Amino acid sequence: MSPEDAITEIVFSSKAATQAKEITHNSPKMPFVLGNSYYKPSEISKFNGRRVHFVWDRNMIQNGFLRVVTDRDEYRAFLAGSVQPKSTESTEYIPYSHVPGAGHTFYQHINFGGYVLNLAYRHAYPDLTKVTMSGFWFWATSWNDQISSLKTGSGPAVLWEHIMNPYPAGASMTVGANTNIPWIGSAWNDRISCITAS
(Lines give C-alpha, C1' and ligand atoms only; values in the text may rest on other atoms or scores of the structure.)
Protein backbone atom coordinates (compact mmCIF):
# COMPACT_ATOMS: atom_id res chain seq x y z
CA MET A 1 0.00 0.00 0.00
CA SER A 2 1.43 3.40 -0.97
CA PRO A 3 1.74 6.19 1.62
CA GLU A 4 -0.99 8.12 -0.21
CA ASP A 5 -3.36 5.14 -0.04
CA ALA A 6 -2.61 4.66 3.67
CA ILE A 7 -3.39 8.29 4.53
CA THR A 8 -6.51 8.28 2.33
CA GLU A 9 -7.72 5.15 4.14
CA ILE A 10 -7.25 6.80 7.56
CA VAL A 11 -9.06 9.97 6.52
CA PHE A 12 -11.92 8.28 4.62
CA SER A 13 -12.36 5.05 6.59
CA SER A 14 -15.88 3.86 7.40
CA LYS A 15 -15.15 4.43 11.10
CA ALA A 16 -14.22 8.05 10.34
CA ALA A 17 -17.48 8.47 8.42
CA THR A 18 -19.47 7.04 11.36
CA GLN A 19 -17.69 9.35 13.78
CA ALA A 20 -18.36 12.33 11.48
CA LYS A 21 -22.09 12.19 12.23
CA GLU A 22 -21.32 13.72 15.63
CA ILE A 23 -19.15 16.57 14.29
CA THR A 24 -20.09 20.18 14.86
CA HIS A 25 -17.43 22.19 13.03
CA ASN A 26 -15.82 25.26 14.55
CA SER A 27 -15.74 28.24 12.21
CA PRO A 28 -12.36 28.56 10.51
CA LYS A 29 -10.72 31.97 10.69
CA MET A 30 -10.67 32.27 6.89
CA PRO A 31 -13.24 31.77 4.13
CA PHE A 32 -12.95 28.43 2.34
CA VAL A 33 -13.46 26.88 -1.08
CA LEU A 34 -15.08 23.51 -1.76
CA GLY A 35 -15.08 22.56 -5.42
CA ASN A 36 -16.03 25.75 -7.26
CA SER A 37 -18.04 27.23 -4.38
CA TYR A 38 -16.78 29.88 -1.98
CA TYR A 39 -18.02 29.95 1.63
CA LYS A 40 -17.82 32.39 4.53
CA PRO A 41 -16.27 30.93 7.71
CA SER A 42 -19.69 30.81 9.41
CA GLU A 43 -21.04 28.61 6.60
CA ILE A 44 -18.97 25.67 7.84
CA SER A 45 -22.08 24.76 9.86
CA LYS A 46 -23.65 23.54 6.59
CA PHE A 47 -21.22 20.64 6.83
CA ASN A 48 -22.00 19.60 10.42
CA GLY A 49 -22.36 15.83 10.57
CA ARG A 50 -20.04 15.45 7.56
CA ARG A 51 -16.28 15.12 7.40
CA VAL A 52 -14.44 17.97 5.71
CA HIS A 53 -10.70 17.97 5.14
CA PHE A 54 -8.63 21.10 4.73
CA VAL A 55 -5.65 20.69 2.41
CA TRP A 56 -2.69 23.05 2.20
CA ASP A 57 -2.99 24.81 -1.16
CA ARG A 58 -0.41 27.60 -1.33
CA ASN A 59 -2.26 29.49 -4.10
CA MET A 60 -5.54 29.45 -2.18
CA ILE A 61 -3.85 30.52 1.07
CA GLN A 62 -2.12 33.43 -0.71
CA ASN A 63 -5.54 34.54 -1.97
CA GLY A 64 -7.02 34.36 1.53
CA PHE A 65 -8.91 31.07 1.29
CA LEU A 66 -8.64 27.58 2.74
CA ARG A 67 -9.26 24.63 0.41
CA VAL A 68 -11.70 21.94 1.55
CA VAL A 69 -11.98 18.44 0.12
CA THR A 70 -14.82 16.00 0.84
CA ASP A 71 -14.27 13.56 -2.03
CA ARG A 72 -11.98 10.55 -1.58
CA ASP A 73 -10.65 10.66 -5.18
CA GLU A 74 -9.95 14.40 -5.06
CA TYR A 75 -8.11 13.91 -1.77
CA ARG A 76 -6.04 11.04 -3.22
CA ALA A 77 -5.22 13.21 -6.26
CA PHE A 78 -4.04 16.01 -3.94
CA LEU A 79 -1.71 13.60 -2.14
CA ALA A 80 -0.41 12.18 -5.41
CA GLY A 81 0.31 15.72 -6.59
CA SER A 82 3.02 16.10 -3.96
CA VAL A 83 5.20 13.43 -5.58
CA GLN A 84 6.57 12.94 -9.09
CA PRO A 85 7.12 9.85 -11.29
CA LYS A 86 10.61 8.33 -11.20
CA SER A 87 10.68 8.24 -14.99
CA THR A 88 8.24 8.42 -17.88
CA GLU A 89 8.37 4.63 -18.26
CA SER A 90 7.70 3.95 -14.58
CA THR A 91 4.56 4.28 -12.50
CA GLU A 92 6.61 4.27 -9.29
CA TYR A 93 6.60 7.61 -7.46
CA ILE A 94 9.29 9.34 -5.47
CA PRO A 95 9.14 12.57 -3.46
CA TYR A 96 10.34 15.79 -5.13
CA SER A 97 14.06 16.33 -4.45
CA HIS A 98 14.08 14.53 -1.13
CA VAL A 99 15.76 11.50 0.37
CA PRO A 100 13.14 8.70 0.60
CA GLY A 101 12.06 8.27 4.17
CA ALA A 102 12.76 11.81 5.38
CA GLY A 103 10.62 12.80 8.37
CA HIS A 104 8.69 15.94 9.28
CA THR A 105 9.65 18.87 11.50
CA PHE A 106 7.21 21.05 13.44
CA TYR A 107 8.01 24.38 15.10
CA GLN A 108 6.50 26.24 18.03
CA HIS A 109 6.72 29.67 16.40
CA ILE A 110 6.37 31.16 12.94
CA ASN A 111 9.34 31.20 10.53
CA PHE A 112 10.62 27.89 11.95
CA GLY A 113 11.43 29.31 15.39
CA GLY A 114 11.06 28.17 18.97
CA TYR A 115 11.07 24.57 20.12
CA VAL A 116 11.32 21.82 17.49
CA LEU A 117 9.34 18.56 17.24
CA ASN A 118 10.53 15.86 14.84
CA LEU A 119 8.34 13.08 13.50
CA ALA A 120 9.92 10.10 11.75
CA TYR A 121 8.72 9.00 8.32
CA ARG A 122 5.49 6.94 8.51
CA HIS A 123 4.93 7.61 12.21
CA ALA A 124 2.31 9.52 14.20
CA TYR A 125 1.72 11.52 17.34
CA PRO A 126 -1.82 10.45 18.25
CA ASP A 127 -2.00 12.71 21.31
CA LEU A 128 0.19 15.82 21.50
CA THR A 129 -0.97 16.44 25.09
CA LYS A 130 1.39 13.56 25.99
CA VAL A 131 4.40 14.91 24.08
CA THR A 132 6.55 17.23 26.21
CA MET A 133 7.78 20.44 24.60
CA SER A 134 9.62 21.89 27.58
CA GLY A 135 9.98 21.51 31.32
CA PHE A 136 9.63 18.34 33.33
CA TRP A 137 7.32 16.60 35.74
CA PHE A 138 4.34 18.82 36.63
CA TRP A 139 5.97 21.96 35.11
CA ALA A 140 5.96 20.36 31.68
CA THR A 141 4.38 22.07 28.67
CA SER A 142 2.97 19.79 25.97
CA TRP A 143 2.96 20.24 22.19
CA ASN A 144 -0.85 20.35 22.17
CA ASP A 145 -2.06 23.49 20.33
CA GLN A 146 1.51 24.82 19.97
CA ILE A 147 2.53 24.34 16.29
CA SER A 148 2.88 27.45 14.12
CA SER A 149 5.20 26.38 11.26
CA LEU A 150 6.40 23.12 9.72
CA LYS A 151 8.45 21.30 7.10
CA THR A 152 7.18 18.03 5.67
CA GLY A 153 9.47 15.27 4.50
CA SER A 154 9.04 12.43 2.03
CA GLY A 155 5.32 11.96 2.52
CA PRO A 156 2.24 13.95 3.38
CA ALA A 157 1.24 14.83 6.94
CA VAL A 158 -2.30 15.15 8.28
CA LEU A 159 -2.81 17.62 11.12
CA TRP A 160 -5.87 17.01 13.31
CA GLU A 161 -7.77 19.39 15.56
CA HIS A 162 -8.39 16.79 18.31
CA ILE A 163 -6.46 13.85 19.73
CA MET A 164 -6.88 10.35 18.32
CA ASN A 165 -9.32 8.53 20.58
CA PRO A 166 -9.23 5.85 19.14
CA TYR A 167 -9.51 7.48 15.67
CA PRO A 168 -8.54 10.99 14.56
CA ALA A 169 -11.29 13.51 15.25
CA GLY A 170 -12.29 17.03 14.38
CA ALA A 171 -11.15 19.08 11.42
CA SER A 172 -8.03 18.05 9.52
CA MET A 173 -5.46 19.81 7.36
CA THR A 174 -3.35 17.77 4.95
CA VAL A 175 0.05 19.07 3.90
CA GLY A 176 1.73 17.45 0.89
CA ALA A 177 5.24 16.06 0.83
CA ASN A 178 8.27 18.39 0.77
CA THR A 179 6.38 21.51 1.82
CA ASN A 180 7.82 24.30 3.97
CA ILE A 181 5.22 26.44 5.72
CA PRO A 182 6.71 29.39 7.64
CA TRP A 183 3.30 30.15 9.19
CA ILE A 184 0.39 27.73 9.18
CA GLY A 185 -2.00 30.69 9.08
CA SER A 186 -4.53 32.03 11.53
CA ALA A 187 -6.91 29.18 10.71
CA TRP A 188 -4.54 26.46 12.03
CA ASN A 189 -2.06 28.30 14.25
CA ASP A 190 -1.82 26.70 17.72
CA ARG A 191 -4.70 24.30 16.95
CA ILE A 192 -3.05 20.92 16.24
CA SER A 193 -3.55 18.04 18.71
CA CYS A 194 -2.71 14.97 16.59
CA ILE A 195 -0.41 14.29 13.62
CA THR A 196 -0.53 11.30 11.29
CA ALA A 197 2.05 10.97 8.55
CA SER A 198 3.29 8.62 5.87
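Details
- Of residues in region 157-189 being among the aromatic types (Phe, Trp, Tyr) and surrounded by fewer than 17 Cβ atoms within 10 Å (Cβ to Cβ), the one modelled with the lowest pLDDT: TYR167
- Picking from residues in region 63-88 that are farther than 22 Å from ALA6 by Cβ and at pLDDT below 80, the one that is surrounded by the most Cβ atoms within 10 Å (Cβ to Cβ) is SER87.
- Within region 146-170, the set of residues being under 11 Å from the mean Cα position of the chain (by Cα) and of a type in the set (S, T, N, Q) comprises just one member, THR152.
- Some residue of region 25-38 being polar (S, T, N, Q) and outside any loop (DSSP other than H, G, I, E, B): yes
- Odd one out for SER42, checked against (1) in a helix (DSSP H, G or I); (2) free of Cβ contacts under 8 Å to residues at least 40 places away in the same chain; (3) in contact with a Phe, Trp or Tyr (Cβ under 9 Å, 6 or more places away or on another chain): (3)
The values are calculated or read from the model by the stated rules, or taken from the named source; none is laboratory data. Given the structure is predicted, the values throughout are model-derived calculations rather than measurements. Virtual Cβ from ideal backbone geometry, glycine too; neighbours counted across all protein chains shown.
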